[in-house]
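The values are calculated or read from the model by the stated rules, or taken from the named source; none is laboratory data. As the structure is a computational prediction, the values presented were derived from the model and not from experiment. Every residue, glycine as well, gets a Cβ built from its backbone with ideal geometry; the counts of neighbours run over all protein chains shown. Ligands, DNA and RNA are stripped out before the accessible areas are found, and what is left, the full protein with its side chains, is counted by its heavy atoms. Shrake-Rupley method; radii C 1.70, N 1.55, O 1.52, S 1.80 Å.
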Amino acid sequence: MGEHKRIGILTSGGDCAGLNAAIRAVVHRAVGTYGWEVLGIRQATQGLMHHPPKVMPLSIDKIDSLLTAGGTVLGTTNEGNPFAFPMPDGTVSDRSSEIIAGYHELGLDAMIGIGGDGSLAILRKIAQQGNLNLVGIPKTIDNDVGITEHSIGCDTAVNIATEAIDRLHFTAASHSRVMILEVMGRDAGHIAISAGIAGGADVILIPEIPYTLDNLCQKLFERQDRGKNYSLIVVSEAVRTDTGETVTRTNRLGQCRLGGIGDYLADRISACTGAETRVIVLGHIQRGGTPSPLDRLVASAFGVAAVDLIADGKYDHMVGWQNRQVVSVPIGEAIAQYRAVDPNGTLVKTARGLGIYLGD
């Protein structure tokens, strides 16, 4: 069994389906196999800024029903970089030392951080600064973390987007419309291209491949010439306009967010083709709900493997999925290799082989 350990676990960045399954696996392995103690840290690193830190003890009985639950029982945040944390007076402050102090106040022997490349980079910087023992688990619906073929949350997001496309086929055909589905994807088009192929879209636009409105509209005209009275377009929120501009929206708090490319395209497609267009922004629906079987499987495997890394004293590593098995790689190496859609990869070749317009 080895020496008794107290480990902390937190979820950082945007939520997604499968986080609770990973937490559950960590507790099962740490408590059930090694007899360790697990503390769940609330609201990511912000929980460690409080004194005493905001935590919840995690037992097998407490987490055993979490396998199918969406979101994260620990809470999370993607606001407030600890190294430039926004203060009430409008200034920013480096609060990383408070997080390090919280780790030591809890008497932690190690910490598991579940996050995307941005969160893992911040956690690693804090761990190096405070000499903390950190293990990472990748999660992001964008699936853009390097090294790993799967990140927690992506498969569920693709399933939800695919179901939306399936539903749109019927209403688009009934009204002879062009339906534009705008999906998430901060920098990468994995959700758009995967769901677009699986759902039978006619056009898929991703940030990795440029397009022109003329050629896009030509694709729609070709469908009309073949007697197809409707078309389905899937577009990633990070896609730029045909002139290279990023489309964003500013909310009532003055925060700028990606979004609006669907409306941009709808106006121009309608003007070009005369087709009636409708836009559906899937948004945070892609993050919520019950995790898919694959996300549950990957999250469970990652959770067990992360605890085993701690048992082996293998810190500053992230678990990942390669060739049907879990591997571990240095966190620095993993987040340095950003994983966008390969313009020459299998999915792009598949889409083009199916006659889908992807760009030029």
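Residue under question is D109, and the condition is that it be open to solvent by 30 Å² or more (accessible area, probe 1.4 Å) and closer than 20 Å to M318 by Cα; does it hold? Spell out how you get there, then give the answer.
Values: open to solvent by 30 Å² or more (accessible area, probe 1.4 Å): yes; closer than 20 Å to M318 by Cα: yes.
Taking the combined requirement at face value, the residue satisfies it.
What is the residue count in segment 278-298 for residues that are basic (K, R) and part of a strand (DSSP E or B)? Walk me through how you get there before you give the answer.
Here is the first cut: in segment 278-298, the residues basic (K, R) are 278, 287, 296.
Narrowing further to those that are part of a strand (DSSP E or B): 278.
Count: 1.
Report whether or not V247 is surrounded by 16 or more Cβ atoms within 10 Å (Cβ to Cβ), at pLDDT 95 or above, hydrophobic (A, V, I, L, M, F, W, C) and under 24 Å from the mean Cα position of the chain (by Cα). It is false that V247 is surrounded by 16 or more Cβ atoms within 10 Å (Cβ to Cβ), at pLDDT 95 or above, hydrophobic (A, V, I, L, M, F, W, C) and under 24 Å from the mean Cα position of the chain (by Cα).
Scanning segment 81-106 for residues that are surrounded by fewer than 16 Cβ atoms within 10 Å (Cβ to Cβ) and touching a Phe, Trp or Tyr at 6+ places or on another chain (Cβ under 9 Å), we see that the one that is nearest to I335 (Cα to Cα) is D94.
Within segment 260-270, at least one residue is surrounded by fewer than 13 Cβ atoms within 10 Å (Cβ to Cβ) and not in a strand (DSSP E or B).
Scanning segment 272-293 for residues that are open to solvent by 60 Å² or more (accessible area, probe 1.4 Å) and within 19 Å of A69 (Cβ to Cβ), we see that the one that is nearest to the chain's Cα centre (by Cα) is H284. Number of residues in segment 120-176 that are open to solvent by 10 Å² or more (accessible area, probe 1.4 Å), part of a loop (DSSP other than H, G, I, E, B) and touching a residue at least 60 places away in the same chain (Cβ under 8 Å) equals 7.
Within segment 1-12, which residues are open to solvent by less than 10 Å² (accessible area, probe 1.4 Å) and more than 13 Å from I310 (Cβ to Cβ)?
So the first thing to find is which residues in segment 1-12 are open to solvent by less than 10 Å² (accessible area, probe 1.4 Å), and the list is 7-11.
Those that are open to solvent by less than 10 Å² (accessible area, probe 1.4 Å) and more than 13 Å from I310 (Cβ to Cβ): L10, T11.
Listed by position, the strands (runs of 3 or more DSSP E) enclosed by segment 1-90 that each have at least 1 residues that are in contact (Cβ under 8 Å) with a residue 60 or more places away in the chain are 6-11, 37-41.
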